[in-house]
Amino acid sequence: MYISLNYRFLVLLAAILALASVLLNVVLSLLLWLPQEELPLWGQQGVAMHLYAFSFVTGFILGWFSTRATRWALRSGKVQPLHWHLKSQTLIDRLPSRTFNRAFMFALAGFSIAAILVLLLELLELHYIPFTDFQLLSGMYCICFSFAITTMAVYRALGDSIIRHSKV
């Protein structure tokens with residue numbers, strides 16, 4: 001079965017960034033909460049604050065890096081740009097064209113996704129979460145979050161005009 005260049009690039013980039021995101025999250029949570037057995041949902045050292053901050057910063061980094069990597073791959077011919085009939089006027093197409101602005105929008109999306117997860121934890125009345133359960137939850141969250149942000153960033157960057165961004 002043949003897999004196109006774009007899909008191979010997307011899967012490889014998303015897997016690498018998801019692994020990096022999980023490793024960063026594990027290191028941060030070990031540094032913040034290793035001696036504690038249960039983590040509070042709210043508070044300055046709470047899970048909610050960690051999810052908000054981590055998602056905002058990671059959303060920005062993932063969006064910025066994915067956009068830059070896709071533009072580099074377009075310039076070097078590693079991927080093919082999206083043709084006009086493959087693009088539709090979706091929300092992804094309305095993202096800003098500049099890398100920093102686009103990454104900031106992904107950071108805001110990350111904050112929103114974290115808010116949904118915190119709301120679900122609050123609805124389940126999980127005011128304290130065991131450390132090992134938090135590690136599992138945050139690992140799965142990082143993988144899904146990284147794949148989502150990377151996919152959106154790559155598809156938007158594949159639709160960018162490569163001539164406008166090339167160095168002359």
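What follows is calculated from the coordinates using simple rules that are stated; it is not laboratory data. The structure displayed is predicted, hence computed values, not measured ones. Neighbour counts are summed over all protein chains in view; Cβ atoms, including those assigned to glycine, are modelled from backbone coordinates with ideal geometry.
Put simply, the amide H of residue 129, placed in the peptide plane, has neighbours under 5 Å in 39, 41, leaving out anything fewer than 5 places away on its chain. Treating only the Cβ of Lys, Arg, Asp and Glu as charged (+1, +1, -1, -1), what charge dipole size does the range 5-159 show about its Cα centre? Round to the nearest 20 debye. Computed charge dipole of the range 5-159: roughly 1260 debye.
Summing charges over all other residues whose Cβ lies under 12 Å from the Cβ of residue 103, with Lys and Arg as +1 and Asp and Glu as -1, gives +4. One decimal place: the segment residue 98-residue 76 gains 5.9 nm when fully extended, by the rule 0.36 nm per residue minus the C-alpha distance. For the range 89-131, trypsin sites (Lys or Arg not before Pro) are listed when DSSP marks them as loop and at most 15 other Cβ atoms sit within 10 Å of their Cβ; the list is 98.
Adding -39500 (n - 2.57) for every DSSP H run of four residues or longer, then dividing by how many residues the chain holds, sets the calculated 222 nm ellipticity at -24500 deg cm²/dmol.
Normalised by 2.2 N^0.38 Å, where N is the number of residues, the alpha-carbon radius of gyration of the range 5-159 equals 1.14. Short-range pairs are left out: with C-alpha atoms under 8 Å and at least six residues apart, the relative contact order of the chain is 42 percent. Which of rounded, prolate or oblate describes the range 101-150 when judged by the alpha-carbon gyration tensor and an a/c cut-off of 1.5? Verdict is oblate for the range 101-150.
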